[in-house]
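Following: one structure in C-alpha cells, then a few remarks.
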Amino acid sequence: MPPVEEFEIEKKSALIGLKSPLSRIKIPIVPVLGVLLIAAFLFSFTIGRYSIPLPQLLQIIWGKTFGLAKSWPVTVETVLFNVRMPRILCAVMVGAALAGSGASYQGIFKNPMVSPDILGASAGAGFGASLAILLSFNIIGIELMSFCFGIGAVLLTYILSSIVGRHSNAVLLLVLTGMVVTSLFNAFTSIVKYVADPNNKLPEITFWLMGGLSSITPREVWMILFPFIIGVVPLVLLRWKLNVLSFGEEEAKALGLNTRRVRYVIIIASTLLTSSAVAIAGMVGWVGLIIPHLARLVAGPNYKRLLPASLLIGATFLLLVDDVARTLFTMEIPLGILTAIIGAPFFLYLLLKGRHGWE
Amino acid sequence: MKKTKTFKTLTALLLCAALTAIPLTGCSGSKAAVPANAAGANPRTITDILGYKVTLPAKINKIYCTSPVGAVMLYTVDPDKLVSWNLTLSDAQKPFIKKQYQNLPMMGNSGTQFNTEQIIKQNPDIILDFAQQGQVDANVKQLATQTGLPVVEMDTSLEATAKDYRLLGTILGEKKRTEELASYIDKKQNSIKALMDKVPADKQASVYYAESADGLKTDGSDSMHTQLLKFLGIKNVVTISTSQNMKGTAVSMEQVLNWNPSVIIASRQMGGDQFLKSVYQNASWKSISAVKNKKVYSPPVTPFDWFDRPPCITRVLGAQWLAQTLYPETVKIDMASETKTFFSTFFSVNLTDDEVKKILSSES
C-alpha cells in the first residue's frame, strides 16, 4: 500500500476514535508478536500440574525428533504429547479465533464495543450444548450440536435482519436482530437448565457453560483445526477491505467495493471461528472484545497489521491465561472467570486512557 | 356540573376504601388459615436434627420433601404421605416402586426452584428438608415463609441416617417401622465399619471419583457427594475443599495423572457409562494405576444410586458394595443376599436371582 493512502487511513481512523499512540514508532510489530507467541508456546510446555524436569523434557523432545530409543517413562510422554500439547494448541487456536473474529466484527460494524458473540454465536452454541447434554449425547455430539447451533443462530440473525430491513441500515439491523436472537437462545438455555435433573444433568450443563480447556484431547485439536483454517484464511486475505469497510458504507461503495458480499464473507468466516472456539472451549468472554483494542494500541488501526496482531495477541493471551487456569491450583479455574477478571480492569484502563480523546 | 364533581370524588373515595380493604381481608383470611392448618387440639414441639425446635400438628397426613433424599426415606416408611418425588422416575426405576406412587407430580426442588402454588395445592402439613453440612438453603427458608408450614431439618450424612429415621418415626407416629429400619442400618453400618478396620494399611486404596463422560469433573473429600468414601475411611485423592461449590470442580488430566489413584469410581448418572467405554482405550488414562489394574468401577443405581445423587438411604447398601468391591480379601459379604434383604426390608420388593444379578452387574 502506498504511504499516502496509509496516512489517509490513519488520519481517518483518528477521526472515528480509533487513534493509536504507538503507531508512529516503526518497529516490525507483527514479527515481534510472532516471536512472543512462540516464546509463550515453549514456556507453556514446561509447566503443568504433572511436573516434568526441564532436562527430561528436552531429552524427550530431542529423542522424539531424532527417533532415539525410549529412555523415559511412558507416563511423562503421555503428559507431554497427549495432554499438554493438545491443550496448548487449542488455547492458541481458540484465542486467535476469538480475537480475530472480534477484530473483524469491530471493523464491519464500525463499533469498538462489539465482540464476536454479537450475532448470537455464543448463545446459540451454549443452547446447542445444553440441549445435547439434556438428551444424553456423547462428547462429540455435544461439540457438534454446539457448533451447529452457533452457526444456526447467526444464520437466523442474518435471515431475520434481511427480512426486516430490505434496503435500510443493514449494519444496525444486524446488531439489533443479533441481540434479539442472543436473548432468545439464552432463554432457551435457561429452559433447558430448568427442566434438567439437578442431580445429574444440571451440574453438567453449568460446567459446560462456564467454559474451559480441561477436557481437551488430541481429537479436539483436529475438530477445531479445519474450521480455524477455513475461517482465518479469508479474514487475512480480505483484511485490507476491512479498512475500507470501517470507514462506512458509502465511502466503501464509492471506492468500488461490493460491501454486501465482503460483509457476508467476513461474517461467515468469523462465525465459523467463534462457533468452533465455543464448541470446544465453552463460553470464554472478553477475549474477542479487549484483544482487538490491545492490538490497535500496539499495531495501529490499519487492518493490514491490526488483524495479524489481533490473532497473535489473542493466541498468546489465552495461552498464558490457560496456563494460570491449569497450574495455579489443584482444581481448574474456569477460563471464562479468569478472562473476565483480567479483561474487565484492562478494559477500564483503556477507557480511562482514551478519556482525553473523548473530552 | 358541581354534582358530577362530587359524584366523582365520592366514587374515588369509595374505590380507595375498597382497595385498602382487599389486602386487609386477605390478610385476616390467611391468619385464620394457620390455626386451621395446624389442626387438632394438641400441636407438639419436637427438636429436629439441626437442633431447631419445631411445632407440628398432632396428625400429619402429607409431607412435602424438598429433595429426593427425603422423598425416598419417606417412601420406605409411609408412601401414602409422600406428595412428590422431586425427581422424574426413569423406566429402570419404576418396577421397584409401587404403581400408585410412580407418577407423583414434580414440583421443583431445592436444586432448582419450587413451584410454591402447586405445593400449597397439595396441602402438605410439614416440609421435610435435608440440610447439606448443616446449611439450610435460602430457597427452603423462603418456601417456609411463603407457605407458613413448619420445616423439619434432617442431615444427609450417612452417620445420621438411623437418627433421621427415628425422628421421622416420632413425627409420623410410626416408631415401630422406623425402628426396624434404623436398627437394620445401625447393624449394617457397625459391621461394615468393623470390617473396614481390618483392612491392612498397605492395601488401602486411593480413590478418584469421576463425575463426567471425560472423567475430569470430581468432588473433594468434604463434599456431600463423596460422603460414602469418608464414611468408610477410604482415601479420596481429591483433598481440596469443593463443598462450597455444590456442583463439584473440574481438574486437569495432568492433575489426575499426578494423583495416580489406585481405584476410580465412575458415577453412572454423570456420564460414567461413556467414561467406562473410553477409559481403557484412552492413552492418557491408560497411564493411571487404576486403569492399568482394571480397577474402574461404577456403583449400581437401582432403584436409586448407591453412591450419590441423590445422597439417600441406598448408600447403606452402597457402603457394603464398595467395601467388598475394593477389598474382596478382607470384606467378605454375600452381596446378592444383602441386596435381597435390603430391597425387601426397605422397598417391600422381593428380587429374583436374575434381577439381583442385573442390579449388581454394571449393565443395569
How many percent of DSSP beta bridges within chain B run antiparallel, rounded to 5? 30
Enter the accessible area per residue of the protein assembly as shown (Å², integer; probe 1.4 Å; all protein chains in place). 46
Can you grab the distance from the C-alpha centre of segment B:200-214 to the C-alpha centre of segment A:150-216, Å, no decimals? 39
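Would you kindly calculate the mean projected area, averaged across all directions, of the convex hull enclosing the Cα atoms of segment B:233-364, in square nanometres? Can you show the working numbers first?
Numbers: hull surface 35.2 nm².
So the mean shadow area of the Cα hull is 8.8 nm².
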Can you give me the solvent accessible area of B:THR55 with a 1.4 Å probe, rounded to the nearest 10 Å²? 80
With x for Gly and Pro, the residue-by-residue ³J(HN,Hα) of segment B:114-124, computed from phi through the Karplus equation 6.51 cos²θ - 1.76 cosθ + 1.60 at θ = phi - 60° and given in whole Hz, is 8, 8, 4, 5, 4, 5, 4, 4, 6, 6, x
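Restricting to the protein assembly as shown, what percent of DSSP beta bridges are antiparallel, rounded to 5?
Percentage antiparallel, nearest 5: 30.
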May I ask for the angle, rounded to the nearest 10°, between helix B:315-326 and the longest principal axis of chain B, with both axes built from Cα atoms and the value confined to 0 to 90°? 20
Can you send over the solvent-accessible area of A:ARG296, 1.4 Å probe, protein chains only, in Å² to the nearest 10? 20
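Which of the helices in chain A meet the span-like rule: DSSP H, Cα axial reach of 30 Å or more, Kyte-Doolittle mean at least -0.5? Provide the component values of the computation, followed by the final result.
Values: long enough: A:85-108 (34 Å, 1.09); A:139-164 (37 Å, 2.05); A:170-195 (37 Å, 1.81); A:259-281 (32 Å, 1.13); A:303-327 (36 Å, 0.89); A:335-358 (33 Å, 1.16).
Sorted by number, the helices that extend far enough and score high enough are A:85-108, A:139-164, A:170-195, A:259-281, A:303-327, A:335-358.
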Under the 7 Å Cα-to-Cβ spin-label approximation, B:LYS121 and B:ALA283 lie apart by a distance in nanometres of 5.7
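For B:ALA201 and A:THR65, what does the FRET efficiency come to when R0 = 45 Å and r is the distance between their Cβ atoms, rounded to the nearest 0.05?
Once rounded, the FRET efficiency stands at 0.50.
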Using a 1.4 angstrom probe on protein heavy atoms only, which residues from segment A:208-234 are buried by at least 40 Å² of accessible area when all chains are present rather than their own chain alone? A:SER214, A:SER215
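I'd like the Kirkwood hydrodynamic radius of chain B, using the inverse of the mean 1/r over distinct C-alpha pairs, in Å. Mind dumping the intermediate values first?
Details: mean 1/r = 0.0438 Å⁻¹.
Answer for chain B: a Kirkwood hydrodynamic radius of 22.8 Å.
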Please list the non-local residues whose amide H lies under 5 Å from the amide H of B:ILE126, H modeled 1.01 Å from N, same-chain partners needing a gap of 5 or more. B:LYS62, B:TYR64
Could you tell me the total accessible area buried at the A-B interface, probe 1.4 Å, in square angstrom to the nearest hundred? 2800
Helix-only CD estimate at 222 nm, as mean residue ellipticity for chain A, using -39500 (n - 2.57) per DSSP H run (n ≥ 4): -24500 deg cm²/dmol
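Sort A:HIS293, B:HIS225 from largest to smallest accessible area, using a 1.4 Å probe on the heavy atoms of the protein chains.
Details: A:HIS293 35, B:HIS225 10 Å².
Correct descending sequence by accessible area is A:HIS293, B:HIS225.
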Restricting to Cα pairs below 8 Å that are 6+ residues apart, what does the relative contact order work out to for chain A? Please round to a whole percent. 32
Using a 1.4 Å probe on the protein heavy atoms only, what accessible surface does B:LYS340 show? Give it in Å² to the nearest 10. 70
Please report the orientation-averaged projected area of segment A:63-189, defined via the convex hull of its C-alpha atoms, in nm². 11.2
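Given the -39500 (n - 2.57) contribution per DSSP H run of 4+ residues, what per-residue ellipticity at 222 nm results for chain B, rounded to the nearest 500 deg cm²/dmol?
Details: 13 runs with 155 residues, N = 364.
That calculation yields -13000 deg cm²/dmol at 222 nm.
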For segment A:263-301, list residues with backbone N below 11 Å from a point placed 7 Å from the Cα of A:LEU237 toward its Cβ? none
Rounded to a whole %, the carbon-and-sulfur portion of the accessible area of segment B:189-360 at a 1.4 Å probe is 49
At what distance in angstrom do the alpha carbon centres of segment B:302-364 and segment A:288-323 lie from each other? 57
Using only Cα atoms, locate the centre of segment B:74-129 and the centre of segment B:172-192, then give the distance between them in Å, rounded to an integer. 23
Reduced Cα scattering model of chain A, Debye log10 I(q)/I(0), q = 0.06, 0.15 Å⁻¹: -0.23, -1.30
Of the accessible area of segment A:202-276, with the probe set at 1.4 angstrom, what percent is carbon plus sulfur? 67
Can you pull the one-decimal nm distance between simple spin-label points at B:THR239 and A:LEU225, each 7 Å off the Cα toward Cβ? 4.1
Residues of segment A:30-49 that bury at least 10 Å² of accessible area, probe 1.4 Å, when all protein chains are present rather than the chain alone, are A:ARG49
What residues does segment A:310-344 have that are buried by at least 20 Å² of accessible area in the full protein assembly compared to the chain on its own, 1.4 angstrom probe? A:THR330, A:MET331, A:GLU332
With a 1.4 Å probe and all protein chains left in place, how much of the accessible area of segment A:290-359 comes from carbon and sulfur atoms, in whole percent? 75
Putting +1 on Lys and Arg Cβ atoms and -1 on Asp and Glu Cβ atoms, find which of B:THR314, B:VAL279, B:ILE240 reaches farthest to the positive end of the dipole of segment B:189-360. B:VAL279
Let me know the Rg and Dmax you get for segment A:239-359 when you use only its Cα atoms, in Å. 17.0, 58
Quick note, the protein assembly as shown: a/c under 1.5 would make it rounded; otherwise a/b > b/c is prolate and the rest oblate (a ≥ b ≥ c, C-alpha gyration tensor); here it is oblate
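The values are calculated or read from the model by the stated rules, or taken from the named source; none is laboratory data. Just so it is clear, the model here is predicted, and its values are computed rather than measured. When we count neighbours, we look across all protein chains shown, and the Cβ atoms used for this are built from the backbone with ideal geometry, even at glycine. Keep in mind that these areas ignore ligands, DNA and RNA; they rest on the heavy atoms of the full protein, side chains included. Shrake-Rupley method; radii C 1.70, N 1.55, O 1.52, S 1.80 Å.
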